[in-house]
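Structure incoming, see below.
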Amino acid sequence: MSANGSPSGQQPTATYDSAFLKACRREAVPHTPVWFMRQAGRSLPEYRKVREGVPMLQSCMMPELVTEITLQPVRRHDVDAAIYFSDIVVPLKAIGIDLDIKPGVGPVVEQPVRTRADLARLRDLTPEDVPYVTEAIGQLTRELGATPLIGFAGAPFTLASYLVEGGPSRTYENAKAMMYGDPELWADLLDRLADITAAFLKVQIEAGASAVQLFDSWVGSLAPADYRRSVMPASAKVFDAVAGYGVPRIHFGVGTGELLRLMGEAGADVVGVDWRVPMDEAVRRVGPGKALQGNLDPTVLFTDKDTVEAKAGEVLQAAAGLEGHVFNLGHGVMPNTDPDALTRLVEYVHTRTAR
């Protein structure tokens, strides 16, 4: 692929001139593009209906269902991009790690990764491990037409946190103990996960994804020096591995206000910002040459229409000087969010920013 995101020597793809990809490339846009993390999910009654009785991991491996769920928020909200419906642990499951997503808990790993011998269980991921991804993305790109599809994966640190802890954690005590106490094992673990993550993103891009987002959901638990030394090399390896495709690369984490510049330096074209740092301050922290994504507090959507618009207006005002801005929430859509509030928010941003 060429650097403009179109196949080398060919005409640009149908999505090339979309507001979303233009914003990611820091080009002039007809309006500020909008999409929401977790836009396909429990806030939508149509999602709950099609997922009824289907376990989460199983649903991620059913191409027809993945296609339907991914399209639901595009139909309902008129967002500027779809994001592929999956879960960050899907590639780990695909290579044979014994894990499950337990309702109300999250991913639970039967045998945590704690020793060097455990690394042998993390084999390379191949396209043949995830044929359902290729099939679903093929279906989606045909259905979406000029609307871009964002592929995604979990970043090495966040995947390592689940693998070492054995499930969700508030303290990451086992993962951080390995990082501090056995840095060689930690580095090898993250390097292995970087290869798996890069392979998973390549499958999505080669199937037709127009951009990719790397979620480092829990990396905000680290100090900048620890991030630079113990995490950034693996994240950079992932971004480097997909750089040649020319698709925008987005990087997002929660509580990462102190890490924003480093997350950009890791190789992102677009840096996601949670709601804790105003966009104008985020610009200063990230530095030039990057687009930004964010960052309305998701809980604002539980208020009235006027308050939502006022708070969204504050985000847009703070982002007014950006070269490229993709409007999003500062984290994912909460399950009890009124879907109509999201639809109204998209319309407000589009109308307010129409050029």
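The values are calculated or read from the model by the stated rules, or taken from the named source; none is laboratory data. Note that this is a predicted model, so its numbers are computed, not measured. Using ideal geometry, Cβ is built from the backbone for each residue, glycine included, and neighbour counts are taken over all protein chains shown. Areas reflect the complete protein model, heavy atoms only, side chains present, ligands, DNA and RNA absent. Shrake-Rupley method; radii C 1.70, N 1.55, O 1.52, S 1.80 Å.
Given Ala266, Ala225, which one is surrounded by 22 or more Cβ atoms within 10 Å (Cβ to Cβ), among the hydrophobic types (A, V, I, L, M, F, W, C), out of contact with any Leu (no Cβ under 8 Å at 6 or more places or on another chain) and more than 25 Å from Val133 (Cα to Cα)? Break it down stepwise before answering.
Working: Ala225 fails: surrounded by 22 or more Cβ atoms within 10 Å (Cβ to Cβ).
So the residue among Ala266, Ala225 that is surrounded by 22 or more Cβ atoms within 10 Å (Cβ to Cβ), among the hydrophobic types (A, V, I, L, M, F, W, C), out of contact with any Leu (no Cβ under 8 Å at 6 or more places or on another chain) and more than 25 Å from Val133 (Cα to Cα) is Ala266.
Looking at region 106-119, is at least one residue modelled with pLDDT under 95, in a strand (DSSP E or B) and within 16 Å of Arg38 (Cα to Cα)?
Looking for residues that are modelled with pLDDT under 95, in a strand (DSSP E or B) and within 16 Å of Arg38 (Cα to Cα), one finds at least one in region 106-119, hence yes.
Just give me the residues in region 179-197 being part of a helix (DSSP H, G or I) and surrounded by fewer than 20 Cβ atoms within 10 Å (Cβ to Cβ), in sequence order. Give the derivation first.
First pass over region 179-197, keeping only residues part of a helix (DSSP H, G or I): 179-181, 183-197.
If the condition is that a residue be part of a helix (DSSP H, G or I) and surrounded by fewer than 20 Cβ atoms within 10 Å (Cβ to Cβ), then Tyr180, Gly181, Pro183, Glu184, Leu185, Ala187, Asp188, Asp191, Asp195 are the ones that fit.
Considering Thr158, Thr134, which residue is closer than 23 Å to Glu68 by Cβ and within 21 Å of the chain's Cα centre (by Cα)? Show your work before the answer.
Values: Thr158 fails: closer than 23 Å to Glu68 by Cβ.
None of the others qualify; the one that does is Thr134.
Tell me which of these Val349 doesn't satisfy, since it passes every other one: (1) farther than 15 Å from Gly272 by Cα; (2) assigned to a loop (DSSP other than H, G, I, E, B); (3) open to solvent by less than 10 Å² (accessible area, probe 1.4 Å).
For Val349, the failing item is (2).
Determine, yes or no, whether Asp297 is open to solvent by 20 Å² or more (accessible area, probe 1.4 Å) and touching a Gly at 6+ places or on another chain (Cβ under 8 Å).
Details: open to solvent by 20 Å² or more (accessible area, probe 1.4 Å): yes; touching a Gly at 6+ places or on another chain (Cβ under 8 Å): yes.
In short, yes.
Output the residues belonging to region 123-178 that are aliphatic (A, V, I, L, M) and part of a helix (DSSP H, G or I).
Pass one, region 123-178, residues aliphatic (A, V, I, L, M): 125, 130, 133, 136-137, 140, 144, 146, 149-150, 153, 155, 159-160, 163-164, 175, 177-178.
Residues satisfying the conditions are Val133, Ala136, Ile137, Leu140, Leu144, Leu159, Ala160, Leu163, Val164, Ala175, Ala177, Met178.
Moving to a separate point now. Does Ala320 satisfy being in a loop (DSSP other than H, G, I, E, B), more than 21 Å from the chain's Cα centre (by Cα) and hydrophobic (A, V, I, L, M, F, W, C)? Spell out the reasoning first.
Numbers: in a loop (DSSP other than H, G, I, E, B): yes; more than 21 Å from the chain's Cα centre (by Cα): yes; hydrophobic (A, V, I, L, M, F, W, C): yes.
The answer is yes for Ala320.
Could you pull out every one of the helices (runs of 4 or more DSSP H) wholly within region 21-96 that has 1 or more residues that are among the polar types (S, T, N, Q) and either in contact with a Lys or Arg (Cβ under 8 Å, 6 or more places away or on another chain) or without any contact (Cβ under 8 Å) to a residue 60 or more places away in the chain (or both)? Walk me through how you get there before you give the answer.
Details: elements: 45-51, 56-59, 63-77, 90-94.
Those helices (runs of 4 or more DSSP H) span 56-59, 63-77.
Would you check which residues across region 112-139 are over 21 Å from Asp195 (Cα atoms) and surrounded by fewer than 16 Cβ atoms within 10 Å (Cβ to Cβ) and list them?
Within region 112-139, just Gly138 meets the criteria.
Does Thr343 satisfy the condition of being free of Cβ contacts under 8 Å to residues at least 12 places away in the same chain, open to solvent by 20 Å² or more (accessible area, probe 1.4 Å), more than 16 Å from the chain's Cα centre (by Cα) and closer than 20 Å to Ser43 by Cα? Talk me through it step by step, then tell me what you get.
On the way: free of Cβ contacts under 8 Å to residues at least 12 places away in the same chain: no; open to solvent by 20 Å² or more (accessible area, probe 1.4 Å): yes; more than 16 Å from the chain's Cα centre (by Cα): yes; closer than 20 Å to Ser43 by Cα: yes.
So Thr343 fails the test.
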